[in-house]
Amino acid sequence: MSTPSPFLYSILILIVSFLCQASAIQLNGARYLGNFWSLSTTLSLRAPKYQYETKYFQQKLDHFSFADLPSFSQRYLINTQHWEGPSHSAPIFLYCGNEGDIEWFAANTGFVWEIAPRFGAMVIFPEHRYYGESMPYGSKEEAYKNATTLSYLTAEQALADYAVLITEIKRNLSAQACPVVLFGGSYGGMLAAWMRLKYPHISIGALASSAPVLQFEDLVPPETFYSIVSDGFRRESMSCFNTIKESWDVINKVGQINGGLAQLTKTFHICRELESVESLSNWLESAYSYLAMVNYPYSTDFLMPLPGSPIKEVCRKIDSLPDGASVLQRIFEGISIYYNYTGKVDCFDLNDDPHGMSGWDWQACTEMIMPMASNRTTSMFPEFYYDPKSNEEQCLKDFHVKPRPTWITTEFGGHAFKSALKAFGSNIIFSNGLLDPWSGGSVLEDVSETIVALTTKKGAHHLDLRAATAEDPDWLLDQRSSEIKLIRGWLDEHYDKKKAISAYR
């Protein structure tokens, strides 16, 4: 297997995200939300159908200049069914849209919908610019045309969109006194935390689930992500771990022989003949990473239809084949748990992007630079090192743009993160499940009394934001209860301050 180039999430993550285009995912940059969501071409089938109106808002293309640029239509989903209205200063719950179609995220964020009635809250899901239907220049083709048209796809512009949108909605509903609570998972969780810090007057608090806000520069070791993924497989089965670790060399050897790519295409049921070993390896690496992210204790179909504890099922498949089965046969049977658990897929298309996430490649080449590496001692993946020069060359080739690897920490902080947040931040929950590989880049310890970390040993990627089920373990119920209690505390404090001001006047 060749040394990976700059693409890795995908959103992530978070994400998110944790976390797109037709080229292969390459592993030493941040393109973790890749293009291998190839089978789930509709929104989550099991997710509850939440009620909302779909509306559109004309946004400025560039919030930070006075240039005469075209506006664009931003989609947002809104539900006021349980909102108690401005007369009660009832809260507004705003989910910070991620790098994809907003209806997909709304369908998979049941926690927000389920707690809104008890708070008498309005619910709003704004879509991130350049994703879903929120396309500048009238179409995706025009918006993604070149580096100039893509230059307005940044986290800063997205946060400004959300700030302008919620301000206008509140004004139109005479709801200026209604407090806003932010939510987000994976990249959306990063946006929620950053929005709370950059626009403290817009919201009173933020729940940032599985938000790798420290996955930049050298804030965490670059091997962290792949070590956590590998640990998930090692815990289930050492033989499974070793089979996956061995498979990379086997794939490379087969790919180098005459007719080897055709053989690999047939073995792994790829729809079109492979053009390189790397595309297959990246397809496999993507699945292993996603399996770690969604290693939920019960069946879901957030990314793909999957059984509960899917890593356990993958390893069971790999290990259960009879003696004499080849390494590649074992890998195919195991990986089919992720890509074809329903058994309905005849072949796999490596180039599909059903959730409209390809804009992440641009973001990962500009400001979302998350260094990644793999340590052969701790990882089941091939050893590689983060190479910023290679990353820059790939981004120049793809987009004619140079990455800015230090911009996120300059804009949103990162170095001396705890001391800065302790001095200037408040009311942020960083929630993480430690099975999630993105947890290694998040905040895992309390920063202050009001910036708290909620961690669960058996939790995965923003599991707390998913809809409640009868299968929810006690530790998940406890985590959500803690979040609800903290949010209630923010609101109570807000209302108490308002009463005190009114009494003083």
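The values are calculated or read from the model by the stated rules, or taken from the named source; none is laboratory data. Please read these numbers as outputs of a predicted model, since none were measured by experiment. Cβ placement follows ideal geometry from the backbone for every residue including glycine, while neighbour counts extend to all protein chains displayed. For the accessible areas, the whole protein counts, side chains as well, though only heavy atoms, and no ligand, DNA or RNA atoms are used. Shrake-Rupley method; radii C 1.70, N 1.55, O 1.52, S 1.80 Å.
Below is a table of values for the structure above.
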item: Gly85 open to solvent by less than 20 Å² (accessible area, probe 1.4 Å), over 30 Å from Pro403 (Cβ atoms) and over 24 Å from the mean Cα position of the chain (by Cα); result: yes
item: Given (1) open to solvent by 10 Å² or more (accessible area, probe 1.4 Å); (2) touching an Asp or Glu at 6+ places or on another chain (Cβ under 7 Å), index of the condition Ser210 fails; result: (1)
item: Test: Ala262 is among the small types (Gly, Ala, Ser), open to solvent by 20 Å² or more (accessible area, probe 1.4 Å) and either out of contact with any Cys (no Cβ under 9 Å at 6 or more places or on another chain) or closer than 28 Å to Tyr187 by Cα (or both); result: yes
item: Residues being charged (D, E, K, R) and either part of a helix (DSSP H, G or I) or in contact with a Lys or Arg (Cβ under 8 Å, 6 or more places away or on another chain) (or both) - total across the range 392-410; result: 4
item: Residues of the range 82-124 satisfying the condition of being farther than 22 Å from Asp161 by Cα, in contact with a Gly (Cβ under 8 Å, 6 or more places away or on another chain) and among the acidic types (Asp, Glu); result: Glu84
item: Residue check, Tyr152 over 30 Å from Ile487 (Cα atoms) and open to solvent by 30 Å² or more (accessible area, probe 1.4 Å); result: yes
item: Top-ranked residue in the range 421-445 [being open to solvent by less than 40 Å² (accessible area, probe 1.4 Å) and part of a helix (DSSP H, G or I); ranked as farthest from Ile311 (Cα to Cα)]; result: Leu421
item: Enumeration of residues in the range 464-500 that are open to solvent by 80 Å² or more (accessible area, probe 1.4 Å), assigned to a helix (DSSP H, G or I) and over 21 Å from Leu434 (Cα atoms); result: Lys485, Arg488, Glu493, Asp496, Lys497, Lys498, Lys499
item: Residue within the range 411-420 that is part of a helix (DSSP H, G or I) and either in the same structural domain as Cys365 (by the TED database) or among the charged types (D, E, K, R) (or both) present; result: yes
item: Subset of the range 49-68 that is assigned to a loop (DSSP other than H, G, I, E, B) and surrounded by fewer than 13 Cβ atoms within 10 Å (Cβ to Cβ) - its residue that is modelled with the lowest pLDDT; result: Lys49
item: Near pairs, Cβ below 7 angstrom, 6+ apart or cross-chain, from the range 337-351 (of a type in the set (A, V, I, L, M, F, W, C)) to any residue that is open to solvent by 50 Å² or more (accessible area, probe 1.4 Å); result: Ile337/Lys317; Cys347/His269; Cys347/Cys271; Phe348/His269; Phe348/Cys271
item: Residue in the range 110-123 that is touching a Phe, Trp or Tyr at 6+ places or on another chain (Cβ under 7 Å), at pLDDT 95 or above and open to solvent by 10 Å² or more (accessible area, probe 1.4 Å) present; result: yes
item: Boolean, Glu133 is assigned to a helix (DSSP H, G or I) and open to solvent by 30 Å² or more (accessible area, probe 1.4 Å); result: no
item: Matching residues, the range 166-189, being under 21 Å from Trp113 (Cα atoms) and of a type in the set (A, V, I, L, M, F, W, C); result: Ile166, Ile169, Leu173, Ala175, Cys178, Val180, Val181, Leu182, Phe183
item: Filter result (open to solvent by 10 Å² or more (accessible area, probe 1.4 Å) and in contact with a helix residue (DSSP H, G or I) (Cβ under 9 Å, 6 or more places away or on another chain)) within the range 164-194; result: Lys170, Leu173, Ser174, Gln176, Ala177
